[in-house]
Every structure is written in structure tokens, then in C-alpha cells.
Amino acid sequence: MTLKIALLPGDGVGPEVLAQAVKCLKAVEETFNQHFIFKEAPVGAIAIEKTGTPLPDATLTLCKESDAVLFGAIGDPKYDNDPDAKVRPEQGLLQLRKELGLFANIRPVLSHPTLLDKSPLKKKVINGTDFVIYRELTGGIYFGEKKLNPEGTVASDLCEYSENEISRIAHLAFKAAKGRKKKLTLVDKANVLESSRLWRKVVTKIGESYPEVALDFLFVDNAAMQIILNPKQFDVILTENMFGDIISDEGSVIGGSIGLLASASVGEENALFEPIHGSYPQAKGKDIANPIASILSVAMLLEHFGLAEEAWAVKKAVDKSLKKGIVTPDLNENSQYGTNQVGDFIAHNIVDIEDDFRMNDENIDLGKSTII
Ligand SMILES: NC(=O)c1ccc[n+]([C@@H]2O[C@H](COP(=O)([O-])OP(=O)(O)OC[C@H]3O[C@@H](n4cnc5c(N)ncnc54)[C@H](O)[C@@H]3O)[C@@H](O)[C@H]2O)c1
Ligand SMILES: CC(C)[C@H](C(=O)O)[C@@H](O)C(=O)O
Ligand SMILES: [Mg+2]
């Protein structure tokens with residue numbers, strides 16, 4: 001298979017972690033009979049500096065013409081600390097998601113056996129956690145009308161959802177639950193928000209077509225508590241855009257570092273893969289950012305294209321780096337390994353994957369396939 005992959009490194013540690021993901025894709029090329037054509041383009045603060053806009057037309061065109069987008073991270077303190085900035089790096093990512101129609105953002109949350117003591121949560125609480133968040137990505141408060149009165153004293157952001165926006169991601173989430181532990185939890189705020197009540201109605205109705213999946217509901221405030229109180233109760237969490245953003249960062253505490261959490265954003269025609277973390281500006285250029293979220297995003301990319309064995313090889317190599325303690329300082333403060341060395345180790349182990357272990361080794365602790 002030949003895949004055209006657009007590389008959007010972005011800002012901060014984005015380029016550093018993305019470089020490790022690319023190493024792993026090159027290792028997949030070397031080991032399996034696959035071919036990737038990479039083309040790079042600017043996005044975020046770096047694109048603003050070069051072109052005045054966070055998503056230049058040429059970048060968007062490249063993404064549309066590619067089979068998949070591999071995204072680093074965007075964001076810069078210069079904009080974070082300036083509430084009056086009209087052009088912002090984040091707009092590039094939001095516009096890209098909208099333009100590519102990436103309505104479903106899939107974020108797996110796992111506890112890895114060798115990392116149980118890296119979480120501030122108790123081992124017995126997190127051991128065995130394996131859930132996936134289906135976050136709606138192109139609607140809700142992120143994309144509703146924004147208003148600021150002329151005096152600059154009153155502001156609003158509209159949270160709007162249509163039945164269609166809810167139902168298309170709900171179907172994906174139910175199908176995912178069907179292939180997993182057959183439980184779907186809708187996280188909303190239906191006791192207060194009209195938009196949440198629409199979510200409940202639409203999702204309840206769709207649930208009738210998936211009788212094998214147990215559907216339940218949680219208010220988001222309670223969900224925020226339950227995720228750290230008893231994360232093993234969850235299988236698939238379905239939620240709207242902003243709630244999904246917040247609870248996925250919260251969920252990363254279970255795994256031990258946000259530097260481990262990958263994501264896939266999918267739509268009818270396009271797909272984008274990125275870590276859930278940001279540009280981590282404090283770490284830029286220091287070779288300390290964890291590249292695993294970016295590398296596991298590659299595994300999700302491969303799964304998306306049906307390359308199960310290749311995805312498995314990537315996960316297996318990540319698993320090995322965790323088990324051998326070849327990790328960045330977020331997972332071991334005394335670690336001697338940097339972003340690049342961890343990337344090299346994982347890429348090397350993809351190439352070296354033992355033939356007789358292919359796809360049949362149960363002893364891999366990075367969860368099942370989450371893309372349907
Ligand atoms: N998808 C994206 O590109 C994305 C996502 C979130 C935030 N952002 C942007 O990133 C900038 C910084 O935001 P923030 O500080 O709130 O969030 P962040 O995710 O960049 O960093 C928060 C903390 O998480 C940890 N962390 C993040 N990535 C890590 C990695 N790879 N390895 C180890 N530890 C890691 C660090 O402790 C860091 O201080 C902002 O401009 C924000 O808008 C972008
Ligand atoms: C950078 C920002 C726009 C983005 C979001 O809120 O969706 C980020 O936090 C994420 O989780 O991908
Ligand atoms: Mg976020």
C-alpha cells in the first residue's frame with residue numbers, strides 16, 4: 001500500500017515528537033511491504049510568522065490531497081499570554097478539523113502495567129483501565145457564534161448541536177462499543193443544557209439499534225470524578241467537544257503522563273492523527289518531550305488503513321520501551337534517555353520485530369484496536 005502522509009510539525013515540541021513518529025513509519029516501510037510519501041507544511045504559530053495565517057492555503061490543500069495527516073502540536077506563549085491577539089495558532093488546528101470534516105476524535109485511555117506507580121492515583125484503582133473517549137470535534141461551543149460587545153465587557157460563545165452532528169459520531173461510538181466491552185456512557189450536562197438534552201434524546205434513539213450495547217448517562221461533573229475514582233467502569237465514553245477535551249487530559253493522569261495519549265480524528269473522507277498534548281513550550285528544544293503519544297498516533301493511523309500487523313508492531317515496540325525503561329523524564333525523573341533516543345529505540349524494535357511473535361503475543365499491554 002502507498003499512502004500520502006501530510007506532516008504538520010507545528011510549534012514547541014511538535015517537530016521533535018513528530019520526527020520520532022516519522023522514524024517509526026520509516027521503520028514500518030523497511031519491515032513491511034508498505035510505502036509512505038511524506039510532504040511537510042507549516043501550521044500554527046510558525047505558519048503565522050511565515051505567512052500571517054495559522055493555516056496557509058497550501059497547507060490545507062496538501063492535507064486535502066493526502067491520505068492522512070500526521071500532526072505535531074501548535075501553540076505559543078506569545079499568543080497564550082495575549083488575550084487581544086486576533087490571529088492565534090489554535091485557529092489553524094480548529095479550521096483544519098472543520099475543513100477536513102473530522103467530526104470524531106478518538107482518544108484511548110489505558111493504564112500500562114509497568115507505569116502504575118507513575119500515576120498519583122492508587123494502583124488498585126487504575127490497574128486494568130482501558131476505555132476510549134469519542135469526542136465530537138467539529139461542533140459545539142468551539143464553533144458557535146462568538147460575540148464581544150463594543151466596550152469589550154461582555155462576551156459569549158454559543159454551544160449549538162444538530163441532530164445530524166450528534167448521530168454521526170454516536171453511530172461510530174456504538175460500533176466501537178460493540179467491538180469492545182459493549183458499554184457506552186454518554187457524558188453530558190442534561191440537567192442544565194438544552195444541547196445536552198438533545199444529545200440524550202438522539203443517542204437514546206440510536207441506542208435502540210444497538211441492543212447489545214448497554215447505554216448509560218453521566219453528568220460531566222460526576223464523570224470528572226468517576227474517571228479518577230473508578231476508571232475501570234468505563235468502556236466507550238461519548239461526549240461533546242469541550243467536555244471531551246477536558247476529560248481526556250484528566251484521563252491521561254491514569255496512564256502516568258499526557259505524553260502517552262494518542263488520538264485519531266476521522267470524518268467521511270479525511271483522517272488526522274495527533275497526540276492529545278499541546279506544544280509543551282517549556283520543553284522545546286530540550287529533547288525531553290515524550291514521543292510515545294505521537295508514535296501511538298502512528299499506530300492508530302496504521303489501524304485506520306487496515307494495517308493491523310504494522311500497527312501491532314509499533315505498539316509492541318512501544319510496549320518494549322516501557323517495559324525496559326527506555327523512557328523520557330516524565331516517566332522517570334532520573335532517565336538518561338531523551339526524545340530522540342526513545343524514538344530510535346522504538347523504531348529499531350519495529351525493524352527487529354521477531355517473526356514468530358508477530359500478532360500472536362498476548363503479552364502486549366497497549367489495548368485493542370479502537371478504530372472501527
Ligand atoms: N493539539 C494541540 O496542538 C494542542 C493541545 C493542547 C494545547 N495546545 C497548546 O499548547 C500550548 C501549551 O498548552 P498547555 O501547557 O496547556 O498544554 P501542554 O499539553 O502543552 O502541556 C501541559 C503539560 O503536560 C505535560 N506534557 C505535555 N506534552 C508532553 C510530552 N510530550 N511529554 C511529557 N510531558 C508532556 C507537561 O508537563 C506540560 O507542562 C498552548 O498554546 C495550547 O493552546 C495545543
Ligand atoms: C489546541 C486546542 C484547540 C485543542 C482543543 O481544545 O481541541 C487541544 O486542547 C486538543 O485537545 O486537541
Ligand atoms: Mg486538549
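Every number in this text was worked out from the coordinates using simple rules, so none of it is lab data. Computed from a prediction, not measured in an experiment: that's the story for all the values here. All Cβ positions, glycine included, derive from the backbone under ideal geometry; neighbour counts span all protein chains shown.
Near Phe38, the amide H atoms lying under 5 Å from its own belong to Ile5; only residues 5 or more places off or on other chains count, and H is placed 1.01 Å from N. Largest mean-square fluctuation among Glu163, Glu151, Glu40, in a Gaussian network model of the chain whose springs join Cα atoms under 10 Å apart, belongs to Glu151. The fewest-to-most ranking of Asp80, Asp319 by surrounding Cβ atoms within 10 Å reads Asp80, Asp319. Evaluated over the Cα positions of the range 211-352, the convex hull gives a direction-averaged projected area, one quarter of its surface, of 10.8 nm². Rg of the Cα atoms in the range 120-255, relative to 2.2 N^0.38 Å, amounts to 1.12.
Using a Debye calculation, one point per C-alpha and no hydration shell, please list log10 I(q)/I(0) for the range 72-189 at q = 0.10, 0.22 Å⁻¹ in order. Result of the Debye calculation: -0.50, -1.23.
Ranked by how many other Cβ atoms sit within 10 Å of their own Cβ, fewest first, the residues Cys159, Cys24, Cys63 fall in the order Cys159, Cys63, Cys24. Loop-located trypsin sites (Lys or Arg not before Pro) across the range 73-116 with a Cβ neighbour count of 13 or fewer within 10 Å are Lys86, with loop assigned by DSSP.
Around the Cα centre of the chain, unit charges on the Cβ atoms of Lys, Arg, Asp and Glu (plus for the first two, minus for the last two) sum to a dipole of about 740 debye.
Between Leu148, Leu94, Leu137, the residue with the greatest mean-square fluctuation in the GNM of the chain (Cα pairs under 10 Å linked by springs) is Leu148.
Straight-line cross-link partners of Lys178 among the lysines, defined as a Cα under 17 Å from its Cα and at least 8 positions apart when in the same chain: Lys205, Lys368. Largest GNM mean-square fluctuation across Phe273, Phe217, Phe103, computed for the chain with C-alpha springs under 10 Å, falls on Phe217.
The fewest-to-most ranking of Val266, Val154, Val314 by surrounding Cβ atoms within 10 Å reads Val154, Val266, Val314. Scattering from the chain was approximated by placing one identical point on each alpha carbon and applying the Debye formula without solvent; log10 I(q)/I(0) at 0.07, 0.11, 0.14 1/Å stands at -0.29, -0.75, -1.25. Of the residues Ile254, Ile346, Asn105, the one whose Cα sits farthest toward the positive end of the charge dipole of the chain, with +1 on the Cβ of Lys and Arg and -1 on the Cβ of Asp and Glu, is Ile254.
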